[in-house]
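Trainee: Here it is, the structure in full.
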Amino acid sequence: MSLSQDLILIQKMDDEIDQLNIDFDNMTQREQLAVLLIEQEDAQAELDIVRGEMHGRKQLLKKAEDQNSILEQKIKKEENRLYSGTISNPKELMGIKSETDDLKKQADRLDTEILEQMEALDVLREKESSLLKTLDSKKTAIEKLQAEVAGLESDIKSAISMLQETVSNVRMKISGDTLLLYDRLRKEKDSKVVATLRGGMCSVCNMTLPYEKVEKMNDREQFYRCEFCRRIIVIER
């Protein structure tokens, strides 16, 4: 290939490498993965809170059940005294009756508390089940996206490596001075640095070059410079 073709080729491949690097950095799947990981973290944090509340509720329930069991024993004992027939003093019987009624009221309050704790635990168990399903769904989606991202990253890296190898081989055919100029312009210019001559115009800045200079631009083994944008100009045909 001629120098003109070589310069056009390495620019084309460098542009492709730049685009692949942009694609690598701006992969939408990676952004989706980041969102899923945050959602997973939020769901896990919510699950931890729910389980912490469940633990507290279970402790309160056990405490209420234990207290209720003790009260039931006391009530049974007092009722046995009340109806045993061994106590005949009316004042003492009234005292036992009053004590038994107070114990029953305490037991009723504990029964209400036990019921409330059990209902609250049922609600928390439903939340726990829902969050576990959410976490399982997130885990599946994350694993799928991680595999997809890994595959895309591997493909992009492989494509970049192949292009870089080809660019390296082509650059070996070009003089050092020409490569230095090309590399410097690649850093300075936001767009293409190798232009072609089209109808006496630079194909990048679209400025018309002096006629006398255009007349001399006919060697494909040389490169020229645009007088306006200072890019490299090559002759395609």
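Trainee: Given the structure, is SER158 assigned by TED's automatic domain parsing to the domain that holds MET54, surrounded by 13 or more Cβ atoms within 10 Å (Cβ to Cβ), out of contact with any helix residue (DSSP H, G or I) (no Cβ under 9 Å at 6 or more places or on another chain) and not basic (Lys, Arg)?
Mentor: Numbers: assigned by TED's automatic domain parsing to the domain that holds MET54: yes; surrounded by 13 or more Cβ atoms within 10 Å (Cβ to Cβ): no; out of contact with any helix residue (DSSP H, G or I) (no Cβ under 9 Å at 6 or more places or on another chain): yes; not basic (Lys, Arg): yes.
No: the conditions fail for SER158.
Trainee: On to the next question. For residues that are without any contact (Cβ under 8 Å) to a residue 60 or more places away in the chain and touching a Lys or Arg at 6+ places or on another chain (Cβ under 9 Å), scanning just segment 207-229, find the one that is surrounded by the fewest Cβ atoms within 10 Å (Cβ to Cβ).
Mentor: GLU227
Trainee: Moving to a separate point now. Looking only at residues in segment 180-237 that are within 22 Å of GLU16 (Cα to Cα) and among the acidic types (Asp, Glu), which one is modelled with the highest pLDDT?
Mentor: If we take residues in segment 180-237 being within 22 Å of GLU16 (Cα to Cα) and among the acidic types (Asp, Glu), then ASP183 is modelled with the highest pLDDT.
Trainee: Sticking with this one: Across segment 118-162, what is the number of residues that are of a type outside the set (A, V, I, L, M) and within 30 Å of ARG51 (Cα to Cα)?
Mentor: Qualifying residue count, segment 118-162: 18.
Trainee: Please work out if ILE96 is in a loop (DSSP other than H, G, I, E, B), without any contact (Cβ under 8 Å) to a residue 24 or more places away in the chain and touching a Leu at 6+ places or on another chain (Cβ under 8 Å).
Mentor: no
Trainee: State yes or no: is GLU119 more than 32 Å from the chain's Cα centre (by Cα), surrounded by fewer than 12 Cβ atoms within 10 Å (Cβ to Cβ) and at pLDDT 95 or above?
Mentor: For GLU119, the condition - more than 32 Å from the chain's Cα centre (by Cα), surrounded by fewer than 12 Cβ atoms within 10 Å (Cβ to Cβ) and at pLDDT 95 or above - is met.
Trainee: A follow-up question, please. Can you report the number of residues in segment 201-237 which are assigned to a loop (DSSP other than H, G, I, E, B) and among the hydroxyl-bearing types (Ser, Thr, Tyr)?
Mentor: Total meeting the criteria: 1.
The values are calculated or read from the model by the stated rules, or taken from the named source; none is laboratory data. Because the structure is a prediction, the values reported are computed rather than measured. Glycine also receives a Cβ, built like all others from the backbone with ideal geometry; neighbour counts cover every protein chain displayed.
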